[in-house]
Amino acid sequence: GAVVSQHPSWVICKSGTSVKIECRSLDFQATTMFWYRQFPKQSLMLMATSNEGSKATYEQGVEKDKFLINHASLTLSTLTVTSAHPEDSSFYICSVFPGGFGNTIYFGEGSWLTVV
Amino acid sequence: GEDVEQSLFLSVREGDSSVINCTYTDSSSTYLYWYKQEPGAGLQLLTYIFSNMDMKQDQRLTVLLNKKDKHLSLRIADTQTGDSAIYFCAEIPSSGGYNKLIFGAGTRLAVHP
């Protein structure tokens, strides 16, 4: 079964509104989660590292005030795209690493955001 | 810097073998991954290889790692139409902690009859 769950899978929002995407770790506690973004026909790019109980770490070029990340519990991280614009339309996907040598990284199903 | 490169497109006939190549720049990478992404879907982990291995085989999948040349390949034997997808290789660079992935641009595999 799924190890990481994302919600919603698809969302359409109006330009100027905000939209929240959830990432849940189902099988283990995760102090760290990662948010990636993928534009059409491009690769996945790391946006930010979500840290439980502290501020997220953003990659260069990613606006922290636009992409709000909250990691309030060990199983849930949320990404809020504030004042969304059409250029924010993308595929957003989170990942979790359960820790320990030899473990792999698990991805959520991803969330397709379309801003109209 | 950290960089992963892949060819963008590969077309094979059903039943043939597919070989998808990837080069990376961080010689200290510990893990290298192959992910599959079908249209409209998320990422599916296919396999991964630890940097001290040269080869890993898992059913129809064979991963070859040449650390000297920083070259990674994924071979899919007896390729089927269901294998049509985008394949991403990814590395964990030494500078980013042990769970920050750097992805290649993805290779679009098209399987035709």
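The values are calculated or read from the model by the stated rules, or taken from the named source; none is laboratory data. Computed from a predicted model, the values in this text were never measured in an experiment. Cβ atoms come from the backbone with ideal geometry, glycine included; neighbour counts cover every protein chain shown. Accessible surface areas use protein heavy atoms only, side chains included; no ligands, DNA or RNA. Shrake-Rupley method; radii C 1.70, N 1.55, O 1.52, S 1.80 Å.
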Cα-centre dipole for the stretch A:27-72 with unit charges at Cβ (Lys and Arg positive, Asp and Glu negative), debye to 20 | 180 debye
Chain B: translational diffusion in µm²/s, Stokes-Einstein, Kirkwood Rh over Cα pairs, 25 °C, 0.890 mPa s = 174 µm²/s
If contacts are Cα pairs under 8 angstrom and at least 6 residues apart, what is the relative contact order of chain A in percent?
-> 36 percent
Once you've got the Cα coordinates, tell me which of A:Lys66/B:Lys100; A:Lys64/B:Lys70; A:Lys64/B:Lys67; B:Lys70/B:Lys100; A:Lys55/B:Lys36 are over 27 Å apart.
-> A:Lys64/B:Lys70; A:Lys64/B:Lys67; A:Lys55/B:Lys36
Taking only C-alpha pairs under 8 Å that are 6+ residues apart, what is the relative contact order of the stretch B:32-90 in percent?
-> 39 percent
Using +1 at the Cβ of each Lys and Arg and -1 at the Cβ of each Asp and Glu in the stretch A:14-97, identify which of A:Ser25, A:Gly53, A:Tyr36 lies farthest towards the dipole's positive end.
-> A:Tyr36
Average accessible surface area per residue within the protein assembly as shown, 1.4 Å rolling probe, Å² | 48 Å²
Could I have the simple spin-label model distance between B:Ser27 and A:Asn70, label points 7 Å from Cα toward Cβ, reported in nm to one decimal?
-> 4.7 nm
Please give the length that would be gained between B:Asp3 and B:Lys56 if that part of the chain were fully extended, namely 0.36 nm times their separation in residues minus their C-alpha to C-alpha distance (nm, one decimal).
-> 16.8 nm
Please get the size of the charge dipole for the protein assembly as shown, origin at its Cα centre, with Cβ charges of +1 on Lys and Arg and -1 on Asp and Glu, quoted in debye to the nearest 20.
-> 140 debye
Over the heavy atoms of B:Ser28, what accessible area does a 1.4 Å probe trace out, to the nearest 10 Å²?
-> 60 Å²
At 1.4 Å probe size, with no ligands or nucleic acids counted, give the accessible surface of A:Glu52 in Å², nearest ten.
-> 70 Å²
Calculate the all-directions average of the projected area of the protein assembly as shown's alpha-carbon convex hull, and give it in nm².
-> 12.5 nm²
With charges set only on the Cβ (+1 for Lys and Arg, -1 for Asp and Glu), what does the dipole of the stretch B:7-83 come to about its Cα centre, in debye to the nearest 20?
-> 220 debye
How much accessible surface does B:Arg60 have with a 1.4 Å probe, in Å² rounded to 10?
-> 90 Å²
Relative contact order computed over chain B (Cα-Cα under 8 Å; 6+ residues apart), in percent | 38 percent
So for the protein assembly as shown, taking the charge dipole from beta-carbon charges (+1 Lys/Arg, -1 Asp/Glu), which of B:Gln59, B:Gln37, A:Pro86 sits furthest toward the positive end?
-> A:Pro86
Taking N as the residue count of the stretch A:11-116, its alpha carbon Rg divided by 2.2 N^0.38 Å gives 1.04
Estimated translational D of the stretch A:41-95 in µm²/s (Stokes, Kirkwood radius over Cα pairs; 37 °C; 0.692 mPa s) | 271 µm²/s
Could you tell me the total accessible area buried at the A-B interface, probe 1.4 Å, in square angstrom to the nearest hundred?
-> 1700 Å²
